[in-house]
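The values are calculated or read from the model by the stated rules, or taken from the named source; none is laboratory data. Small disclaimer: the values here were computed from a predicted structure and weren't measured. No Cβ is skipped: glycine too gets one built from the backbone with ideal geometry, and neighbour counts run over all protein chains shown. Just so you know, the surface numbers come from the protein's heavy atoms only, side chains and all, with ligands and any DNA or RNA stripped out. Shrake-Rupley method; radii C 1.70, N 1.55, O 1.52, S 1.80 Å.
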Amino acid sequence: MMNDYTFSFTLTSPNVTFLNSLSDLAFAIYPAEAKDIPGWGVETVIGTGPFMLKEFRPTEKLVLERYDNYHGGVKKLQRMEFVHMDENTALMEFEAGNIDITDISDARLIAWYLGSPEYRDMVHRVEQSGVILLSFNMQMEPFTDREVRRAISMAINREEIANQLLQGLYTPAKSILPNSVLGYDPDLEPIEYNPAKAKEILASAGYPDGLHIQAITTDTAATTVILQYLEQSLKEANIFLTIQTVDAAGFNDIRAQGKVPMFILTWVGESGEPDSLLV
């Protein structure tokens, strides 16, 4: 029986991951008329959770207050405040006791806190359902050439990056799908690391004297350390990488123009639905 609190989906074909998809933020349900409300999604929010939006100042903070009529029961917390700040500032504020929780994305910092007698019991580690990958602009030379892309992939030592550079906190990828996602094949062979063969492939592709490529990163990206590692390690395969660092606004502008040749992309699909990582 349909009513104001019931909805239904009609699928055109079987989909074993559909329930996973429902947990994605893109499936949030809101009134159809919401699109006509000024400030919808920023100043005006309609939700079904245990907290209500009290204040939202973009780039500054978000304040939520407890909703006592929540269908799942009243929560213990009365108020939550999310403050916008960069990672280093947030960690200093955490250590000073001014904030209760913060994220850490830099592997070196994670390893330090895990090894600290003072803080290690405060660290809650969660392996995200995502991947860190090199994203090539296949509209730009030399990345239009599949063999060039294959050679670069073969020249990357994923084991060393995961276990040494990233402190053993990451799992070397075998495909674009992480091992927590439906459809992942645990029997996949690791992607081959063979800089000598990569050099041969490049020579056959028309680069006997080596390949010169460029990557662009932002001045706040935690993954820049990976590019810096590749800048040195790729030389073994006759691949010479230069890194351009810009601020976030500059990066977005260059990317919008389609002029970013290569960058490191972190892509997460928390629902466990493979299509969210394959788009």
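The table below lists the values:
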read-out	value
Given (1) farther than 20 Å from Q139 by Cβ; (2) open to solvent by 40 Å² or more (accessible area, probe 1.4 Å), index of the condition G269 fails	(2)
Selected residue (criterion: most open to solvent (accessible area, probe 1.4 Å)) from residues of the range 24-40 that are within 27 Å of the chain's Cα centre (by Cα) and without any contact (Cβ under 8 Å) to a residue 60 or more places away in the chain	L25
Breaking point among (1) surrounded by fewer than 16 Cβ atoms within 10 Å (Cβ to Cβ); (2) at pLDDT 90 or above; (3) of a type in the set (S, T, Y); (4) touching a Leu at 6+ places or on another chain (Cβ under 9 Å), for T242	(4)
Condition met for V131 (aliphatic (A, V, I, L, M) and either without any contact (Cβ under 8 Å) to a residue 60 or more places away in the chain or under 23 Å from E270 (Cβ atoms) (or both))	yes
Subset of the range 144-172 [within 30 Å of S271 (Cβ to Cβ), part of a loop (DSSP other than H, G, I, E, B) and not polar (S, T, N, Q)]	I156, L166, G168, L169, Y170, P172
Every residue from the range 185-196 that is buried (at least 18 other Cβ atoms within 10 Å of the Cβ) and more than 30 Å from P208 (Cα to Cα)	none
Pair list, Cβ < 9 Å and 6+ apart or interchain, from the range 51-66 residues that are over 13 Å from G41 (Cα atoms) to residues that are of a type in the set (S, T, N, Q)	E65/Q78; R66/Q78
Residue within the range 102-117 that is part of a loop (DSSP other than H, G, I, E, B), among the polar types (S, T, N, Q) and touching a helix residue (DSSP H, G or I) at 6+ places or on another chain (Cβ under 8 Å) present	yes
Those residues of the range 133-174 which are of a type in the set (S, T, N, Q), open to solvent by less than 40 Å² (accessible area, probe 1.4 Å) and under 23 Å from D275 (Cα atoms), in sequence order	S135, N137, S153
Tally of residues being aromatic (F, W, Y) and free of Cβ contacts under 8 Å to residues at least 12 places away in the same chain across the range 232-279	0
Selection count where residues are farther than 17 Å from V83 by Cα and open to solvent by less than 70 Å² (accessible area, probe 1.4 Å), scope the range 41-69	6
